[in-house]
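> One structure is given below, represented as structure tokens, and several questions about it will come after.
None of the figures in this text is laboratory data; all of them are computed from the coordinates on show. Values in this document were obtained by computation on a predicted structure and should not be read as measured data. Methodologically, a virtual Cβ is constructed for each residue, glycine included, from the backbone with ideal geometry; neighbour enumeration extends over all protein chains shown.
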Amino acid sequence: MTSEVEHYPVLHREIVDTFKDIDGNIIVDATVGGAGHSYLLLKNFPEKKIIGIDKDEYALKRAKERLKDFEGRYTLVKSSYKDIDEILDKLGFDKAHGFLFDLGVSMFQLKNQRGFSFQRDDFLDMRMDKDQKLTAYDVVNTYPEHMLENIIKKYGEERFSKRIAKSIVEHRKKRPIQTTKDLENIIFHAYPRKARYGRIHPATRTFQAIRIEVNNELEELELALKKAIERLDKGGRIAVISFHSLEDRIAKNLFKEYGKLKKIKNLTKKPIVPKEDEIKENPPSRSAKLRIAERI
Ligand SMILES: C[S@@+](CC[C@H](N)C(=O)[O-])C[C@H]1O[C@@H](n2cnc3c(N)ncnc32)[C@H](O)[C@@H]1O
């Protein structure tokens with residue numbers, strides 16, 4: 001084990017179960033990350049192969065290390081999952097038999113100097129793809145106040161979005177807001193005094209909102225899920241693990257819509273959530289929700 005934090009694959013037993021009985025061997029891990037899930041799938045199913053996608057170059061480096069015992073059974077691609085159809089075309093696959101989306105950021109992204117976390121003091125970056133131009137710094141320092149307010153409200157579901165956007169704009173007039181701690185501090189003081197010490201830290205929702213904006217997360221997710229459903233072979237399964245209500249709603253609504261079109265059968269009327277023992281071992285799994293559908 002390296003000195004860096006290992007990512008613990010969320011709902012790993014349930015994911016292995018999901019792909020246990022599918023016909024066909026090609027599974028697309030659309031968010032391969034540190035390859036925690038892919039490793040388990042390759043280990044448990046010797047006949048299966050993985051196409052692992054990630055936007056983050058560093059994640060792919062880690063995935064390659066993790067999967068070193070399975071040479072020849074996996075292909076790693078640096079891309080957004082929104083281009084899942086082009087990726088399959090390029091690799092010569094018409095259909096896949098499984099798709100896995102494990103959304104959000106991984107532990108190693110949070111613990112490295114990537115600007116995702118207000119627990120650390122880093123440059124306000126938040127890009128998953130380092131080749132992309134737009135950073136959190138740009139969003140925070142250049143977006144007009146009304147856009148900031150909208151983003152924080154919509155993507156953060158933050159009730160104090162107006163106060164936070166106003167305070168950001170006031171502060172950046174004096175000097176640019178450079179780091180995660182600068183931003184955390186501004187948000188904390190923009191909160192009404194009485195609300196500052198609630199269940200979650202005041203900066204949590206705003207950081208989520210800015211991350212979603214920087215990485216265009218919701219649009220890309222919707223596009224990718226639609227493409228994945230179309231490219232899923234009959235009897236194949238798609239699994240989506242989400243960590244907040246906006247992502248979960250996208251999966252839920254699409255499964256409903258494609259269910260009505262008789263393209264898929266929803267296998268989880270209610271999402272699967274981690275059991276007590278998993279939450280104890282891995283507290284961040286607490287908010288995970290898994291939805292599974294099968295192509296008909
Ligand atoms: C929670 S982690 C996945 C962890 C992985 N399942 C494991 O077991 O190690 C999510 C990963 O998705 C990647 N990601 C986020 N948005 C993406 C996108 N649009 N396209 C491709 N990868 C994306 C992130 O870079 C991150 O590595």
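> What residues qualify as long-range amide H neighbours of GLY34, i.e. H under 5 Å apart, gap of 5 or more or another chain, H built at 1.01 Å from N?
For GLY34, no residues qualify.
> Of VAL273, HIS146, PHE70, which is farthest towards the positive pole of the chain's charge dipole, taken about the Cα centre with +1 and -1 on the beta-carbons of Lys, Arg and Asp, Glu respectively?
Going by the Cα projections, it comes out as HIS146.
> Can you give the angle from 0 to 90° between the axis of helix 245-260 and the longest principal axis of the chain, with both taken from C-alpha atoms, to the nearest 10?
Helix 245-260 and the main axis of the chain meet at about 40 degrees.
> Just to be sure I understand: if I project the alpha-carbon convex hull of the range 1-158 onto a plane and average over all orientations, what area do I get in nm²?
Seen from a random direction, the Cα hull of the range 1-158 projects 11.1 nm² on average.
> Taking the Cα centre of the range 113-215 as origin, sum charge times position over the Cβ atoms of Lys and Arg (+1) and Asp and Glu (-1), and report the length of that vector in debye to the nearest 20.
480
> Which GluC sites (Glu not before Pro) from the range 1-76 combine a DSSP loop assignment with at most 12 other Cβ atoms within 10 Å? List each step's numbers first, then the result.
Details: sites: GLU4, GLU6, GLU14, GLU47, GLU57, GLU65, GLU71; in loops: GLU4, GLU6, GLU47, GLU71.
Of the GluC sites (Glu not before Pro), the ones in loops of the range 1-76 whose Cβ has at most 12 other Cβ atoms within 10 Å are GLU4, GLU47, GLU71.
> Between 0 and 90 degrees, rounded to the nearest ten: what's the tilt of helix 217-230 against the longest Cα principal axis of the chain?
10
> Anyone know which of GLY33, GLY72, GLY156 comes out most mobile in the 10 Å Cα GNM of the chain?
Answer for the Gaussian network model of the chain: GLY72.
> Dipole size in debye (nearest 20) for the chain around its Cα centre, Lys and Arg Cβ +1, Asp and Glu Cβ -1?
The dipole magnitude comes to about 1060 debye.
> OK, next. Over the alpha-carbon set of the range 30-110, divide Rg by the Kirkwood Rh and report the Rg/Rh ratio to two decimals. Don't skip to the answer; put the middle values down first.
Numbers: Rg = 11.9 Å, Rh = 12.8 Å.
Expressed as Rg/Rh, it is 0.93.
> Any of LYS260/LYS280; LYS64/LYS95; LYS111/LYS289; LYS154/LYS289; LYS61/LYS173; LYS20/LYS260 with alpha carbons more than 31 Å apart? Name them for me. Before the final figure, lay out each step's value.
Details: LYS260/LYS280 38 Å; LYS64/LYS95 24 Å; LYS111/LYS289 23 Å; LYS154/LYS289 20 Å; LYS61/LYS173 40 Å; LYS20/LYS260 26 Å.
Long pairs (Cα-Cα over 31 Å): LYS260/LYS280; LYS61/LYS173.
> Let me ask something else. Quick check on the chain: what does the Kirkwood estimate of hydrodynamic radius come out to from the alpha carbon pairs, in Å?
On the way: mean 1/r = 0.0500 Å⁻¹.
Taking the inverse mean of 1/r over all distinct Cα pairs, the chain comes out at 20.0 Å.
> Tell me which lysines have Cα within less than 21 Å of LYS133's Cα, excluding those fewer than 8 residues away on the same chain?
Filter leaves LYS55, LYS78, LYS82.
> Another one. Go through the range 70-79 residue by residue and turn each phi into a ³J(HN,Hα) via Karplus (6.51, -1.76, 1.60, θ = phi - 60°); whole Hz please, and just put x for glycine and proline.
10, 2, x, 10, 9, 10, 10, 10, 8, 5
> Moving on. Mind putting a number on the dipole of the range 163-296 about its Cα centre? Charges go on the C-beta only, +1 for Lys and Arg and -1 for Asp and Glu, and I need it in Debye to the nearest 20. Show your work: numbers first, answer last.
On the way: 33 positive and 18 negative charges, 105 e Å.
Dipole of the range 163-296, to the nearest 20 debye: 500 debye.
> Follow-up. Please identify every one of the trypsin sites (Lys or Arg not before Pro) in the range 54-142 that sits in a loop by DSSP and has no more than 14 other beta carbons within 10 Å of its own beta carbon.
Working: sites: LYS55, LYS61, ARG62, LYS64, ARG66, LYS68, ARG73, LYS78, LYS82, LYS90, LYS95, LYS111, ARG114, ARG120, ARG127, LYS130, LYS133; in loops: LYS55, ARG73, LYS95, ARG114, ARG120, ARG127, LYS130, LYS133.
Loop-located and lightly packed - LYS95, LYS130, LYS133.
> Helix-only mean residue ellipticity at 222 nm, the chain, DSSP H runs n ≥ 4 weighted -39,500 (n - 2.57), per residue, nearest 500. What is it?
Calculated from helices alone, the mean residue ellipticity at 222 nm is -13000 deg cm²/dmol.
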